[in-house]
Amino acid sequence: AGYAALDRLLEMSRKSDAVYACMDEFFARLGCGSSYVRTRALALIVANAPWDAAGHIDRRIGEILSHLRDPRPVTARRLIQDLPALVRAKPALRGAVLEALRAGAAPFYAPSMRPLVAADMEKALRAIEAEA
């Protein structure tokens, strides 16, 4: 049910600013103990970046990027994969995002997850740099 709701909210976010009014709620969810909730919140924050004229994301980019080292690698990986879309919507954040990606997070994770996280980071870096 949660995944289906996320899909609906992401689709709405791609089409209009109808979900943008909930940004404060999404940011509040970043501190949740559940990685599923954090992952969904990050996805919705990024999806609503095109509508962020108020600068919520710009002011809290450090908080967002801190999840590159989220305790759960699945949350970090989803964020990493979404970062090119964030930079497309908010080009002024390109430098901060690139710096965070270059700093890396793979060593933070268990050896079994490091190659996956590192590959995601490299792919995101290439995508962002290619759009320069």
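The values are calculated or read from the model by the stated rules, or taken from the named source; none is laboratory data. Since the model is a prediction, treat every value here as computed from it, not as a measurement. Note that each Cβ is placed from the backbone with ideal geometry, even for glycine, and that neighbours are counted across all protein chains shown. For accessibility, only protein heavy atoms count, side chains too; no ligands or nucleic acids. Shrake-Rupley method; radii C 1.70, N 1.55, O 1.52, S 1.80 Å.
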In the chain, whole DSSP H helices that both stretch 15 Å or further along their axis by alpha carbon positions and average at least -1.0 on the Kyte-Doolittle scale are 2-15, 35-47, 73-89, 114-130
Just the number, please: carbon plus sulfur as a percent of the accessible area of region 1-106, 1.4 Å probe, no ligands or DNA/RNA counted. 55
Can you sort Tyr3, Tyr109 by 1.4 Å-probe accessible area, starting with the largest? Tyr3, Tyr109
Using alpha carbon centroids, what distance separates region 76-104 and region 31-75, in Å? 11
Magnitude of the Cβ-charge dipole of region 53-132, K/R +1 and D/E -1, about the Cα centre, nearest 20 debye? 120
Treating the beta-carbon of each Lys and Arg as +1 and of each Asp and Glu as -1, no other charges, what is the dipole magnitude of region 1-115 about its Cα centre, to the nearest 20 debye? 340
Could you give the length gained by full extension between Leu10 and Val74, i.e. 0.36 nm per residue of separation minus their alpha carbon distance, to one decimal place? 21.2 nm
Shape of the chain, Cα gyration tensor, a/c cut at 1.5: oblate
With every protein chain in place, what's the accessible area of Arg69 (1.4 Å probe, Å², nearest 10)? 110
The local net charge around Lys90, scoring Lys/Arg +1 and Asp/Glu -1 for residues other than Lys90 whose Cβ lies under 15 Å from its Cβ, equals -3
Under a 1.4 Å probe, what is the accessible area of region 2-81 per residue, stated in Å²? 51
What number, in percent, do you get for the relative contact order of the chain if the mean sequence gap of Cα pairs under 8 Å and at least 6 apart is divided by its residue count? 20
